Amino acid sequence: MATSPTALSDLPETAANGRTEIFDIGIQTAPPAELLRRILGLVEKGGRNRVSYVNAHVLNQSLASPELRNALQHSDLVYCDGYGVRLAARLIGLPVPHRMTGADWIWGVAALCQERGRSIYLLGSDPGSSTDAAAALKRWYPRLRVLGTHHGYFDPGSTHSERVLEDIAGLEPDIVLVGMGTPQQELWVDHNRDRIEAPVVWTVGALFDYLSGRTPRAPHLIADNGFEWIFRLAVEPRRMWRRYLLGNPAFLYRVLAERRRLVGRRRRG
C-alpha cells in the first residue's frame with residue numbers, strides 16, 4: 001500500500017540555484033520544490049532533457065564505469081538521493097545539496113502534472129510493478145495522465161527494446177520515468193536519448209517497487225536521519241549486503257581521500 005503523498009506546498013519554496021561537484025558530477029543544491037518546478041519547466045521548454053539522481057552507490061559505480069559517469073555528466077539535472085552524498089559534501093567542504101527521494105517527490109510531480117495536464121509513462125521494475133505503481137498514483141490523482149507502463153526486463157538493443165521505444169514514440173508522453181536500477185537505466189537512456197520521444201526522461205531506480213507496495217519504505221524516523229540503508233539491508237540482506245557493507249566503507253574512503261587531496265592543493269596554493 002502506497003504511503004500518502006507529501007503536498008508540494010509542504011516543501012520549501014526558495015533556494016539558491018547553484019550546484020556542488022562531487023567526483024566530477026555536478027549535483028543541484030536547490031530544495032525539492034524548486035527542483036520539481038525546474039523539471040516541469042524542462043517539459044515546457046521542450047527538446048530532449050535528462051534528469052538523474054546520485055547516492056553513494058551510484059557515485060561508487062560512476063568511479064568504476066566511465067560510461068556511467070559520462071551519462072551522469074551529460075544529464076541536464078542531477079539531484080541528491082542519499083545522505084551519503086550530503087555527508088560527502090560536508091566532509092569535502094562543498095555546498096551541501098538537499099536530499100530528494102523518489103518515494104516523496106513522485107507525489108509532487110503527480111500533482112504538478114495533473115494540474116498542468118502533463119502526461120507520464122512508467123518504464124521499469126518487474127512485470128506488473130509499474131502497472132501497480134500507476135494505479136497507486138491514479139488513486140490519489142485520478143486526472144493524472146498515465147499514458148502507458150512497461151516492465152524493465154529486456155536487453156538494450158534488442159527487438160524488445162525497439163518495441164518499447166516505438167510504444168513511447170506512439171504515445172508521446174511529457175515525462176518518461178525509467179526505473180531499471182543503476183547503471184542499466186542511465187546507460188539505456190544515454191544510448192537511446194535521441195530516440196526517446198519525450199521532453200524529459202528521468203531515471204528513478206526502485207521507485208515503482210515502493211509505489212506498488214512490493215518494497216516497504218523505512219519509517220520516517222529512520223529515513224529522515226540517514227539510516228534508511230540499515231532498514232533496506234535488514235529487509236533485503238542477500239541483495240543489499242554488498243552495496244552497503246562493502247560499498248559504504250569504500251565510499252567513505254574515497255571521500256576522505258578527496259578531502260585530503262583538496263586540502264593539500266589549498267595548502268600548496
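Just so you know, all these numbers are worked out from the coordinates, no wet-lab data involved. Quantities reported herein were computed from a predicted structural model and do not represent experimental measurements.
Summary table below
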{"item": "For Gly179, distant residues with modelled amide H under 5 Å away", "result": "Leu123, Gly124, Ser125, Val204"}
{"item": "Karplus-derived 3J(HN,Hα), 6.51/-1.76/1.60, for each residue of the range 193-206, Hz, glycine and proline x", "result": "4, 6, 10, 7, 7, 7, x, 10, 10, 10, 7, 10, x, 8"}
{"item": "Kyte-Doolittle mean at least -0.5, axial Cα span of 20 Å or more - DSSP H helices of the chain", "result": "102-116"}
{"item": "Distance between the range 96-138 and the range 221-238 - C-alpha centres, whole angstrom", "result": "22"}
{"item": "Within the chain, percent of DSSP bridges classed antiparallel, to nearest 5", "result": "15"}
{"item": "Binned Cα-Cα distances of the chain, short to long, each 5 Å bin given as a whole percent", "result": "1, 6, 12, 17, 20, 18, 13, 8, 3, 1, 1, 0"}
{"item": "Length added when fully stretched, Ala234-Arg145, from 0.36 nm per residue minus Cα-Cα", "result": "28.5 nm"}
{"item": "Taking the chain and dividing mean pair separation by its residue count, relative contact order in percent (alpha carbons under 8 Å, at least six apart)", "result": "22"}
{"item": "Gyration tensor (Cα) of the range 131-217, equivalent ellipsoid semi-axes in angstrom", "result": "21, 16, 11"}
{"item": "Value of D in µm² per second that Stokes-Einstein yields for the range 68-179, Kirkwood Rh from Cα pairs, at 37 °C (0.692 mPa s)", "result": "205"}
